[in-house]
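The values are calculated or read from the model by the stated rules, or taken from the named source; none is laboratory data. This one's a predicted model, so the numbers in the text were calculated from it and none came from an experiment. Cβ placement follows ideal geometry from the backbone for every residue including glycine, while neighbour counts extend to all protein chains displayed. Remember, those area values only see protein heavy atoms, side chains included, never the ligands or the DNA or RNA. Shrake-Rupley method; radii C 1.70, N 1.55, O 1.52, S 1.80 Å.
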Amino acid sequence: MKLLEYEAKNLLAESKITVPKSTIVSEDPVFLPAVIKSQVPIGGRGKAGGIVIVKTGDEFVAAREKLAKLEIKGYLPQTLLAEELFEIDRELYLSVLIDKTTVAIVLMAHNNGGVEVEDNRADEFLRIEIDGKNTEQAGQALADYYDLADKAFVLQDMVERLYACYVKNDALLLEINPLVLTKG
């Protein structure tokens, strides 16, 4: 089963993984500025115009109306997500998946996340098999790879929680794209 972004973020939040403040879009904006995101079960929303930054109530209404009618790769959204807007310093990529060749759970990371992640070469990804016992080492390797030595403990904790969320929900893929480092 493919989850929509807001559904997946709810699972992450339940696993005590930090996610941006968000709400399902209704008639009026709950907070501004915000990022309004079309909730469709397919990638490429950003390039297709399915993600809009709004700073005023008028921009919110215009984005809500536009996105509600915007079909993306054959999908029309039934739900829109409003998410807090913050200043992004870096966009990274992080996922947990099953390697079908080795039948192992693997943490995959890249220094370049966001809308262009598909352009990354396969041999540039950090790939670490994780088993629940080596999450601290995997988090340290992730901190080294991302060049975020001062965030090693945060990343170790995140890897432990991602692994637990992945196993608990019997997932095939848990992807965070982008994993953001904020300016704050």
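Residues of the range 104-119 that are closer than 19 Å to Leu162 by Cα, among the aliphatic types (A, V, I, L, M) and either over 13 Å from the mean Cα position of the chain (by Cα) or open to solvent by 20 Å² or more (accessible area, probe 1.4 Å) (or both): Ala104, Ile105, Val106, Leu107, Met108. For the range 131-146, the candidate set comprises residues that are among the aliphatic types (A, V, I, L, M) and in contact (Cβ under 8 Å) with a residue 24 or more places away in the chain; within that set, the residue that is farthest from Ala109 (Cα to Cα) is Ala138.
Yes or no, residue by residue, for (1) in contact with a Phe, Trp or Tyr (Cβ under 8 Å, 6 or more places away or on another chain); (2) assigned to a strand (DSSP E or B):
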{"residue": "Lys2", "(1), (2)": "no, no"}
{"residue": "Ala13", "(1), (2)": "no, no"}
{"residue": "Lys16", "(1), (2)": "no, no"}
{"residue": "Glu27", "(1), (2)": "no, no"}
{"residue": "Lys37", "(1), (2)": "no, yes"}
{"residue": "Ile42", "(1), (2)": "yes, no"}
{"residue": "Phe60", "(1), (2)": "no, no"}
{"residue": "Ala63", "(1), (2)": "no, no"}
{"residue": "Leu67", "(1), (2)": "no, no"}
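Remark: pairs (first residue in the range 96-115, under 12 Å from Ile130 (Cβ atoms); second residue open to solvent by 40 Å² or more (accessible area, probe 1.4 Å) and in a loop (DSSP other than H, G, I, E, B); Cβ separation under 8 Å; 6+ apart in sequence or on different chains) = Leu97/Leu172; Ile98/Leu172; Ala104/Asp131; Ile105/Asp131; Met108/Phe125; Ala109/Phe125.
Of the candidates Gly44, Gly50, the single residue that is loosely packed, with under 14 Cβ neighbours inside 10 Å and among the small types (Gly, Ala, Ser) is Gly44.
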